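**Q** Sharing a structure here in C-alpha cells format.
The values are calculated or read from the model by the stated rules, or taken from the named source; none is laboratory data. Computed from a predicted structure; not experimentally measured. Every residue, glycine as well, gets a Cβ built from its backbone with ideal geometry; the counts of neighbours run over all protein chains shown.
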Amino acid sequence: MTIRYYDTKSGDKIPLSPLEEGHVRLYVCGITAYDFCHIGHARSALVFDMIVSYLRHRGYRVTYVRNFTDIDDKIIKRAQEQNTTPEKLAKRFIGEFYTDMELLGVAPPDIEPKATEHIPEIIALIRTLVDKGLAYAVDHDVYFRVDRFPGYGSLSGRNLEELQAGARISVDERKENPMDFALWKGSKPGEPAWDSPWGPGRPGWHIECSAMSHKYLGDTFDIHGGGKDLVFPHHENEVAQSVGATGGGFARSWIHHGFVTIRDEKMSKSLGNFLTIREALAKYHPEALRLFVYSTHYRTPLDYSEANMREATAGLDRLYDGLAEIAQLPAAGAEGGAPLAGKKDREPVEFLAARFEEAMDNDFNTAQALGHLFEAMKAMNRLRQKLPARPAAADLALLRRGADDVRRFANIMGLLREDPVTYNQEKRAKVLAEEGIGAAEIERLIGERLAARNEKNWARADEIRNELLARRIELHDTPAGTTWKVKAD
C-alpha cells in the first residue's frame, strides 16, 4: 500500500511520491532559541520523529533538515533582560533543547543548520530578490513586495485582500504595502549585526529557512513541515521568497501538525499557559508523554491534562506488563499439546503487521496504529491468563512472536524501548515503597486469601483483595495460581 498524507496546500491526501525514487527530502522549522521548550515543541519534535522513523521503516532514505533560529527580536529582547548577549542566550537554549530531546528519546535530524551560520547564503538570496524587483531597500532594511508575487496566499488558501483585512500588521509608512515583510533588518545600537550591501543588520525570520532549505535540499524538495501556526505568515512568506528567487520549485507538499491546548486554549509562551518539557517529565515517564502525543492524530488539537497523562501512563504500563509476563513464561512448552489460542486470540496478533502499516500508511494515523497494538496485547493477555502450568508450544510461540511484533512496531513511535521486566521491577519497587508494603507481606496475604477461599469464606477473600487494591496491588487468578502486580497510576 502507498503511503498517503494530508498536504496543506492541496487540502487533500496525496500519495508519497518523492522526486528521487526511494529518497524523501524533508525540511522542518525548528525552535527560536530564547527559552525552555514547552510540550507544544515536544509535539512537533515527536510528530516528525515518528514520520521519519516510519518512512525509514518502510524502506525510504530520508534527508531530514531542521533548523535553529538563533538570531531574532525575541532573542535580542530576552538577552537584554538577562544581561547577556544574544549569541550566549541562543547557545544556552539550544543546549537545553538538546537535553530535552535526549530525555524524550528524539533522534537528531540529519542536518541542523543555524541562521547565523548562513548569512552569506541569506544575503545572496535577498540580492536575487532585489535584482528581480521582488524586494526593495528602505534605509538599511529590505522588504519583499507581496503584490509582485501572483501566488501569494496560495498556501493558506486566501487572497492578498483577505490577508490584508485579517492580518495584524505593524504600521510602517516606509513600506510600499502594509503586507510587505522584512528580509533584512538594519541593526539598532547594541544589536548583533553583519555587513551587507544594505548596511549592517541581520536577517528577517522568514528568509533564513528559504536559504537553508535551498542549500541542503535544493530548489525543490519533497515535504516542508511545522505547526499549523506557521502556515501564515511564515510558510506563506517562505513560498513567496523561494519561488520568487528561483522561478519555481520549493516544497512540493506541506505537513502541519495541530496545536497542544490546555483547557482548549492554544499553549504558547505569549499566553503564559505553557508547561515545559522538563516540568512534564518531572512527573511522567518520557514514553508516557510520547503515548499521550500519539494517541491523537497529529493534525488534530491535543488537550493536555493530568487526567490524559494518567491515562497515557496506565496504557504504557499495560503494554509493559503484558510484555514482562510473556518474557517470564517457560522457555519450552509441551510439544504436540493442544493449543488454547482460538481465532479471537490469533487474529489480532497474526495480522498486527498489516493492520499497523495500513493505519500508518493512512496519513500517519498513530492513534489507530496504537489501537492495534493494544488490541494485540489484549488478545495475548487473554491467552496468557488461561495457560496451564505447562503451556502448548504453539501458544508460547504465538505469544513470543506477538510480543516481538508489538515491541518492533511500538519502537517506531519511540515506545517500549526499555526492558519490560526491568521497567516493571522498577515501577513495582517505587509503588511498594510509597505504599509501605513488601513482597513478602503481599505473598502472605495471597496465602491467607487462598485459605479463605478454600474454606468458602468469600467475604474474607474479597476483603483481602480490596485491601491490597487500596494499596495499588492488583491480584490475578490464573490456572497456574494467583499473581500480583502494581496497579497503573
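**Q** Give all pairs with beta carbons closer than 8 Å in which a residue from region 186-202 that is over 14 Å from Arg127 (Cβ atoms) and touching a residue at least 12 places away in the same chain (Cβ under 8 Å) meets a residue that is surrounded by fewer than 17 Cβ atoms within 10 Å (Cβ to Cβ) and of a type in the set (D, E, K, R); count only pairs at least 6 apart in sequence or on separate chains.
**A** Gly186/Asp139; Pro192/Glu87
**Q** Could you go through region 45-67 and let me know if any residue there is within 30 Å of Ala282 (Cβ to Cβ), out of contact with any helix residue (DSSP H, G or I) (no Cβ under 6 Å at 6 or more places or on another chain) and either outside the structural domain of Trp198 (by TED's automatic domain parsing) or without any contact (Cβ under 8 Å) to a residue 60 or more places away in the chain (or both).
**A** Yes; the residues of region 45-67 include at least one that is within 30 Å of Ala282 (Cβ to Cβ), out of contact with any helix residue (DSSP H, G or I) (no Cβ under 6 Å at 6 or more places or on another chain) and either outside the structural domain of Trp198 (by TED's automatic domain parsing) or without any contact (Cβ under 8 Å) to a residue 60 or more places away in the chain (or both).
**Q** Can you list residue pairs whose Cβ atoms sit under 6 Å apart, with the first residue in region 81-93 being within 12 Å of Pro192 (Cα to Cα) and the second being part of a helix (DSSP H, G or I)? Count only pairs 6 or more apart in sequence or on different chains.
**A** So the pair list comes out as Thr85/Ala79; Pro86/Ile75; Pro86/Ile76; Pro86/Ala79.
**Q** Here is a follow-up. Going by the conditions given, is Ala182 modelled with pLDDT of 95 or more, surrounded by 17 or more Cβ atoms within 10 Å (Cβ to Cβ) and assigned by TED's automatic domain parsing to the domain that holds Thr8? I'd like the intermediate steps shown before the answer.
**A** Details: modelled with pLDDT of 95 or more: yes; surrounded by 17 or more Cβ atoms within 10 Å (Cβ to Cβ): yes; assigned by TED's automatic domain parsing to the domain that holds Thr8: yes.
Taking the combined requirement at face value, the residue satisfies it.
**Q** Residue check, Ile223 against (1) more than 22 Å from Arg78 (Cα to Cα); (2) surrounded by fewer than 17 Cβ atoms within 10 Å (Cβ to Cβ), all met but one. Which one?
**A** (2)
Residues checked against (1) modelled with pLDDT under 95; (2) touching a His at 6+ places or on another chain (Cβ under 8 Å); (3) assigned to a helix (DSSP H, G or I); (4) within 17 Å of Ile71 (Cα to Cα):
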| site | (1), (2), (3), (4) |
| --- | --- |
| Ile94 | no, no, yes, yes |
| Pro109 | no, no, no, no |
| Thr116 | no, no, yes, yes |
| Pro120 | no, no, yes, yes |
| Ala124 | no, no, yes, no |
| Thr128 | no, no, yes, no |
| Gly133 | no, no, no, no |
| Asp147 | yes, no, yes, no |
| Pro150 | yes, no, no, no |
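**Q** If only one of Ala461, Ala397, Ala429 is part of a helix (DSSP H, G or I), out of contact with any Leu (no Cβ under 6 Å at 6 or more places or on another chain), crowded, with 16+ Cβ neighbours inside 10 Å and at pLDDT 90 or above, which one is it? Write out each step before concluding.
**A** On the way: Ala397 fails: crowded, with 16+ Cβ neighbours inside 10 Å; Ala429 fails: crowded, with 16+ Cβ neighbours inside 10 Å.
The match here is Ala461.
**Q** Can you find even one residue in region 185-202 that is buried (at least 19 other Cβ atoms within 10 Å of the Cβ), modelled with pLDDT of 95 or more and part of a loop (DSSP other than H, G, I, E, B)?
**A** Within region 185-202, the subset buried (at least 19 other Cβ atoms within 10 Å of the Cβ) is 185-186, 196, 198, 201-202.
Among the residues that remain, those that are also modelled with pLDDT of 95 or more are: 185-186, 196, 198, 201-202.
From the residues that got through so far, the ones that are part of a loop (DSSP other than H, G, I, E, B) too are 196, 198.
The answer is yes, given that some residue of region 185-202 is buried (at least 19 other Cβ atoms within 10 Å of the Cβ), modelled with pLDDT of 95 or more and part of a loop (DSSP other than H, G, I, E, B).
**Q** Moving to a separate point now. What are the residue pairs meeting all of these: first residue in region 119-133, first residue touching a residue at least 60 places away in the same chain (Cβ under 8 Å) and surrounded by 22 or more Cβ atoms within 10 Å (Cβ to Cβ), second residue among the small types (Gly, Ala, Ser) and part of a helix (DSSP H, G or I), Cβ atoms under 7 Å, and 6 or more apart or on different chains?
**A** Short answer, once both residue conditions are applied: Ile122/Ala211; Leu125/Ser210; Leu125/Ala211; Leu125/Ala245; Leu129/Gly244; Leu129/Ala245.
**Q** So in region 278-304, with the set limited to residues that are among the β-branched types (Val, Ile, Thr) and in a loop (DSSP other than H, G, I, E, B), which one is farthest from the chain's Cα centre (by Cα)? Before the answer, list the steps.
**A** Start the filter on region 278-304 by keeping residues that are among the β-branched types (Val, Ile, Thr), which leaves 293, 296, 300.
Adding the requirement that they be in a loop (DSSP other than H, G, I, E, B) leaves 296, 300.
Details: Thr296: 11, Thr300: 13 Å.
Here the answer is Thr300.
**Q** If we scan region 1-8, do we find a residue that is surrounded by fewer than 16 Cβ atoms within 10 Å (Cβ to Cβ) and modelled with pLDDT under 95?
**A** Within region 1-8, the first condition is being surrounded by fewer than 16 Cβ atoms within 10 Å (Cβ to Cβ), and the residues that meet it are 1-2, 4.
Then drop every residue that is not modelled with pLDDT under 95, which leaves 1-2.
So far as region 1-8 goes, yes, one or more of its residues are surrounded by fewer than 16 Cβ atoms within 10 Å (Cβ to Cβ) and modelled with pLDDT under 95.
**Q** Oh, and also: Within region 192-228, which residues are farther than 22 Å from Tyr143 by Cα and in contact with a Ser or Thr (Cβ under 9 Å, 6 or more places away or on another chain)?
**A** Tyr216, Leu217, Thr220, Phe221, Asp222, Ile223, His224, Gly225, Gly226, Gly227, Lys228
**Q** Going by the conditions given, is Arg290 surrounded by fewer than 17 Cβ atoms within 10 Å (Cβ to Cβ) and either basic (Lys, Arg) or modelled with pLDDT of 95 or more (or both)?
**A** Values: surrounded by fewer than 17 Cβ atoms within 10 Å (Cβ to Cβ): no; either basic (Lys, Arg) or modelled with pLDDT of 95 or more (or both): yes.
Against the criterion (surrounded by fewer than 17 Cβ atoms within 10 Å (Cβ to Cβ) and either basic (Lys, Arg) or modelled with pLDDT of 95 or more (or both)), Arg290 does not qualify.
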